[in-house]
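These notes concern the structure reproduced below.
The values are calculated or read from the model by the stated rules, or taken from the named source; none is laboratory data. Here the structure is a predicted model, which means the values were calculated and not measured. Neighbour counts run over all protein chains shown; Cβ positions are idealised from the backbone, glycine included. Note: accessible area is taken over every heavy atom of the protein model, side chains too, but ligands, DNA and RNA are not part of it. Shrake-Rupley method; radii C 1.70, N 1.55, O 1.52, S 1.80 Å.
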Amino acid sequence: MLEPGRSLEPPNSFVYTGPMSTAGRNINRFSLSLKNSDNRKAFLADPVTYMRGFDLTEPQQVMVQARDWTGLIKAVGHLQAVLKIAATVGQNLWHIGAHNAGVPVEEMLAACPRRVSGLPEGL
């Protein structure tokens, strides 16, 4: 169980560096392309073809299809870029955090009682 206030110390936290950015170029270009509505539609219609257009490796494609958020971050995807993929498939930062911590989303939500008011329901 994830306890409130528990910090994610290495190896479960990732400090994103310049060399990681260079190494993650294809993942991040693919992810950030999903800011465009037409690109999201193309990706959802044919994920494999769309990902191949960004030269994602087979293991990277499998991680995207499996919603392996931690794997994508370890494969040097930037968190904000990976979040674009998650949002495209109906997930959010809670899903990424829960996956990284190895707990269900509901448990992550319960462990983080602080909420921002004024946001639409479900965020």
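Filter region 91-114 down to the residues that are of a type in the set (A, V, I, L, M, F, W, C), open to solvent by less than 50 Å² (accessible area, probe 1.4 Å) and under 27 Å from F43 (Cα atoms) and list them by number. So that I can check it myself, show each step before the final result.
Here is the first cut: in region 91-114, the residues of a type in the set (A, V, I, L, M, F, W, C) are 93-94, 96, 98, 101, 103, 105, 108-112.
Now narrow it down to the ones that are open to solvent by less than 50 Å² (accessible area, probe 1.4 Å): 96, 98, 101, 103, 105, 108, 111-112.
I96, A98, V105, listed by residue number.
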If you go through region 83-90 one residue at a time, do you hit one that is open to solvent by less than 60 Å² (accessible area, probe 1.4 Å) and polar (S, T, N, Q)? yes
Kindly evaluate L44 against the criterion of being in contact with a Leu (Cβ under 8 Å, 6 or more places away or on another chain), over 15 Å from L32 (Cβ atoms) and open to solvent by 70 Å² or more (accessible area, probe 1.4 Å). no
Tally up the residues in region 68-112 that are farther than 19 Å from Y16 by Cα and not in a helix (DSSP H, G or I), please. 8
In region 50-72, how many residues are farther than 18 Å from H95 by Cα and either without any contact (Cβ under 8 Å) to a residue 12 or more places away in the chain or open to solvent by less than 70 Å² (accessible area, probe 1.4 Å) (or both)? 10
Could you figure out which of (1) open to solvent by 30 Å² or more (accessible area, probe 1.4 Å); (2) at pLDDT below 90; (3) polar (S, T, N, Q) isn't true of N26? (2)
